[in-house]
Each structure stands twice: as structure tokens, then as C-alpha cells.
Amino acid sequence: MKKHLLFVAIAALSSVALSAQINYPITDSVSASVTSTTVNYNVLASATDTRHFTVTNATANTVTVKVKKTIYFLNDPGSTVYFCTGANCYSPSQTLSLAVVLAPNGTCALTCDHYPNNMAGVTQVRYTVINQANTTDTTYFIINYTASLTGVATHSLVKPSLSNPAPNPASSSFTMNYKMGSTNPQDSKMVIYNMLGDRVMETSVEESEGALRMDVSSLEQGVYFCSLESDGKIVATRRLVVTR
């Protein structure tokens with residue numbers, strides 16, 4: 001009987017854990033989730049390593065968050081770890097970002113840098129996104145950097161990425177952040193398709209990354225798809241709802 005009750009309790013706890021919503025998911029430069037995980041990078045000891053991530057507000061409310069940097073250990077006392085939230089960058093000694101306001105489905109760029117100071121070894125850093133109205137409401141990920149004196153850092157081709165539209169649903173206009181990654185932005189565009197697959201709107205993409213604002217006040221109410229296209233091929237797509 002006790003074993004049965006224990007099994008039921010464990011099952012109930014597991015169910016709660018599985019159903020728990022991640023309020024502020026974090027993705028890397030290829031739109032892969034890194035939320036609550038440890039990511040590993042091999043880096044050159046002689047160069048600054050830069051990694052790009054995106055924090056998304058998956059709640060239905062506007063929230064104010066801050067990002068906290070926690071260094072567990074450094075490969076060398078002279079190495080540095082620093083980060084940026086959007087356009088705000090912080091010195092290696094600063095551990096807490098400025099406040100970042102995220103609308104529902106809004107995003108914030110998080111850039112993480114590490115300079116190993118020409119020394120081999122491992123550095124481990126944790127980045128935590130903290131809701132300022134409820135400091136127990138957090139999301140995190142951990143980076144392990146392994147610096148080597150010789151060889152080449154492990155870099156793969158960076159896939160294009162596209163944030164969720166904000167606001168979404170949209171009644172008049174919306175904004176999306178994009179990154180072309182390793183793809184040349186030449187002959188690239190953002191295209192909006194309706195549910196029938198018809199092109200209803202498009203705009204050119206000229207930079208390797210940035211934000212696009214599109215006016216959808218002329219579109220009928222319904223579901224659409226925003227596609228980032230390069231050389232005639234769709235490289236990233238997000239769903240958009242237009243309301244009236």
C-alpha cells in the first residue's frame with residue numbers, strides 16, 4: 001500500500017513538472033532551445049568567443065526582467081566573461097543587467113562573450129533570466145567553455161533565425177527580429193503568406209540582422225505565416241494572427 005501511494009505521489013509530481021510552463025524560453029543562434037541546459041563550446045585561448053541567444057516572453061503579460069551572470073569557475077584568473085542585453089553591454093565585473101521590458105511574445109537579444117586570456121582550461125558560466133515582479137520566476141542556461149592553445153574553435157554554419165511577431169495577435173503592425181546567420185542577406189526578403197499559400201505582402205531584407213516592422217492594417221482577419229526567404233528559399237517561418 002505504501003509503495004502504491006509513493007508511486008502515485010511521484011507520478012503526480014512528474015505530471016506537474018511536465019506541465020509546467022517555461023515563461024522565458026532561451027534559444028541559441030540556430031533557434032535551438034538551451035533552456036535549463038548546459039551548452040559546451042570549444043574555443044581558442046587567444047581570441048574572444050561571442051555567442052548569440054534570444055530570450056522570449058512566452059507569457060500573456062508584459063514583464064520586466066533582468067539577466068544575472070554567475071561565474072562558477074574560470075580557466076584563468078585573468079580571463080574575462082561579459083554579456084549584453086540588446087544594445088546594453090556590461091563590464092566583466094558587472095553581474096546583473098539593466099531592466100528589460102518584454103511585451104507578450106517579445107524578445108531580447110542576449111550576447112555572451114568570453115576571453116580565455118591565452119590560457120587553456122575550462123570556464124563555466126550561468127545566465128539566469130529573472131522576473132523582477134516575482135524573483136522566483138526564472139529561466140537559466142549554463143555555458144561550458146573549453147579553451148585550447150592550438151587548433152580551431154568549433155564553429156558550425158549558423159542558420160538564419162526569426163523571432164516571434166510582436167505583438168501577436170496584431171491589428172495594425174508588428175515587429176520581428178531576424179538574423180541571417182551564415183546566409184548572405186542579398187536577395188533576401190520577409191514574405192507574408194495567407195492560409196492558402198498566397199503571397200499577400202513582402203519587404204526586402206538588406207542587413208545580416210535587425211528588426212522588421214510591417215503594417216498589416218490592410219490584411220483581413222485571420223492566420224498568416226511570416227517567412228524569411230533567401231535566394232527564393234524559405235529559411236525560417238513564424239505564425240501570425242491578425243485581428244480586428
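Some notes on this structure:
- Residues being exposed (fewer than 12 other Cβ atoms within 10 Å of the Cβ) and not in a loop (DSSP other than H, G, I, E, B) - total across the stretch 18-37: 2
- Enumeration of residues in the stretch 71-108 that are part of a strand (DSSP E or B), open to solvent by 40 Å² or more (accessible area, probe 1.4 Å) and either modelled with pLDDT of 95 or more or not polar (S, T, N, Q) (or both): 71, 72, 73, 82, 89, 96, 101
- Some residue of the stretch 179-197 being assigned to a loop (DSSP other than H, G, I, E, B), of a type in the set (A, V, I, L, M, F, W, C) and open to solvent by less than 60 Å² (accessible area, probe 1.4 Å): yes
- Extreme residue, surrounded by the most Cβ atoms within 10 Å (Cβ to Cβ), among residues of the stretch 38-61 that are within 17 Å of the chain's Cα centre (by Cα) and assigned to a loop (DSSP other than H, G, I, E, B): 57
- Scan of the stretch 227-239 for residues that are at negative phi and either out of contact with any strand residue (DSSP E or B) (no Cβ under 7 Å at 6 or more places or on another chain) or at pLDDT 90 or above (or both), ordered by number: 233
- In the stretch 206-237, of all residues being under 15 Å from residue 180 (Cβ atoms) and among the charged types (D, E, K, R), the one that is surrounded by the most Cβ atoms within 10 Å (Cβ to Cβ) corresponds to 229.
The values are calculated or read from the model by the stated rules, or taken from the named source; none is laboratory data. Quantities reported herein were computed from a predicted structural model and do not represent experimental measurements. Note: ideal-geometry Cβ built from the backbone for every residue, glycine included; neighbour counts use all protein chains shown. When the accessible area is computed, the model is the full protein with side chains, heavy atoms only, and any ligands, DNA or RNA have been set aside. Shrake-Rupley method; radii C 1.70, N 1.55, O 1.52, S 1.80 Å.
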